[in-house]
Each structure stands twice: as structure tokens, then as C-alpha cells.
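Take a look at the structure below.
The values are calculated or read from the model by the stated rules, or taken from the named source; none is laboratory data. Quick caveat: nothing in here was measured; it's all calculated off a predicted structure. Every residue, glycine as well, gets a Cβ built from its backbone with ideal geometry; the counts of neighbours run over all protein chains shown.
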Amino acid sequence: MSVSTTFRRAFVSLLAVAALTLGSVASAPAALAAANPYERGPAPTTASIEASRGSFAIAQVTVARSSVSGFGGGTIYYPTSTAYGTWGAVAISPGFTSSQSAVSWLGPRLASQGFVVITIDTNSVYDQPDSRGTQLLAALDYLTGQSSVRTRIDGTRLGVMGHSMGGGGSLSAARTRTSLQAAIPLTPWHGTKSWTGVRTPTLIIGAENDTVASVTSHSEPFYTSLPSTLDKAYLELNNASHSAPTSTNVTVAKYSISWLKRFIDNDTRYEQFLCPAPTGTAIQEWRQTCPHS
């Protein structure tokens, strides 16, 4: 056998090995995607979930009150990328006498982490919690069925949030629509104290110095009443007031992002920020059911 023939065969063998290696590397992302097709964005770090913006560029759309029914209009924030397919979605309600401006800071913050978000105005600023819950569901139905971004949303991966009576509304919405994937009541207020019918993973955020919806009368009994088998957590903000979630708050954002990612996107990379119990000077108390299912 000539030297040239031997060389050619060796070269072909090397090419074959290289092709197999490259094929294995190329298939790794596909395998990961198959394991969790809802995972979006890079691996999270403390810095990434505390940042004022996530890794996705976003845009926003105004939803006129006159163009919808069931709620009072609002603003949609959404990732502009179409490379990931569809996104989970979240509707957020303000509290008693407030407009969407009270929760608007959460819109771009959550959207840039990989969610479609609508912050709503309610039909009346005086609407009670159950009405706000109904309006949150109407907003989600609008997002998935009529909005200009409806094709960007996975209608099976939806969540609700809200402040004060809007927080009470998010509990009401979760009890009504058990298919919701996540609920985050923020310093919630509601006359009902028992929420045994909720089946949605729920993170309740209370505030230590809340004199409007004191944690002893609202957040704590709400959390305690949720089923013990439910994925749930209670975060109490240290030395904070009722209005703490209505302006930029790193702690609120950090754990809201982690909760939504974990349960709307099924992204277990965020489990590290929830279990074991987080600590820090911003946290007065944390309760949870861990590990999460």
C-alpha cells in the first residue's frame, strides 16, 4: 500500500471522527431543549435576576380601554425575539384607587426576562378584589385570543400578579382558573382568609410594616390556608410598607422572576434562588414548601 493511500485513509478516518464529534455537540442543545422546551435565556445568576433589565430586547403596545371588554385596558410588554417560539404570559393588576402606573415598573422588568406581560387598568379604581381577579383573567384571555401579540404566547403557560386588592384578585383568579401556572400576590388585601381551593403555585409577598394589609391579617393567613401539598412560598419584606411593590424593588423583582421562571417556564435553573430558603437583610421572613415538584 502506498504512503499516499495510507495518508488518504487516515485523513478520511479523522474526518469521520470529527463529524461524529460535531454531531454530538450540535445535538446537545436539541437534547436540552427536548428536556425542557420552555426554557428561555441564559443560565441565571444573582446578578442577572437582580438587574434592572434581562437579556431580551422588548417592545410595548398600548391597549385602549375602548378596545377591550372585561377590564380597563393596559400596556403590553413583550420580547421582540421570535427565535424562541412562544412565551409565557403574566397579567398584573394594581390596587384600590390605583392605575396601572402603580405596577408598571414590573412590565419591562419581567418582559426582558422572557415573558409577555400586561399591566392593566381596572374598570373602576374602586373595584374589589374578586372583580380584579375576574379582570386579570379577562386580560389573559385578551392577550391569548385577540391581542396583536397573541401568536407569541403559549396559552397553556399563564400567570397572575397584583398589588393590594389586585393581590387579593390574583388569589381569586388562581382559585377560579386552576390551570394557571403561577400567582404572585404583592402585599395582598382580601376579606376572604381561606384559600384552600387554590391549585396554582403561589408566592405571597408581604411587608413587615404594612398598616393597610397587615401580614397578620392578610398575607400570613393567606399563605397558611393554601394547601400543604401546594408549591408555595411566603416572603416578608423587612421594614417595608404596603406600597413597597409599587416602585422598583430588587427583592420583589428577584423572587418574582425566579417564581415565574420556575413555574411558568418549568425552568429548574431558578430553583437555586428559592430552595433552600433565601436570606439577607431585605428579608424579614421566608416560608416555603421545598423541594418544589
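General remarks:
- Of the numbered criteria (1) in a helix (DSSP H, G or I); (2) at pLDDT 50 or above, the one Glu39 fails is (1).
- Residue match in the stretch 70-82 (condition: of a type outside the set (D, E, K, R), surrounded by 13 or more Cβ atoms within 10 Å (Cβ to Cβ) and assigned to a helix (DSSP H, G or I)): no
- So Gly166, is it under 20 Å from Ser243 (Cβ atoms) and under 17 Å from the mean Cα position of the chain (by Cα): yes
- Output for the stretch 46-91, where each listed residue is of a type in the set (Lys, Arg) and farther than 25 Å from Asp130 by Cα: Arg53
- Boolean, Ser293 is at pLDDT below 95, of a type in the set (Ser, Thr, Tyr), surrounded by fewer than 21 Cβ atoms within 10 Å (Cβ to Cβ) and out of contact with any strand residue (DSSP E or B) (no Cβ under 9 Å at 6 or more places or on another chain): yes
- Taken as a whole, the structure leaves Arg262 outside the set of residues that are farther than 24 Å from Tyr84 by Cβ, touching a helix residue (DSSP H, G or I) at 6+ places or on another chain (Cβ under 8 Å) and not aliphatic (A, V, I, L, M).
- Residue match in the stretch 87-95 (condition: assigned to a loop (DSSP other than H, G, I, E, B), farther than 15 Å from Lys261 by Cα, in contact (Cβ under 8 Å) with a residue 12 or more places away in the chain and in contact with a helix residue (DSSP H, G or I) (Cβ under 6 Å, 6 or more places away or on another chain)): yes
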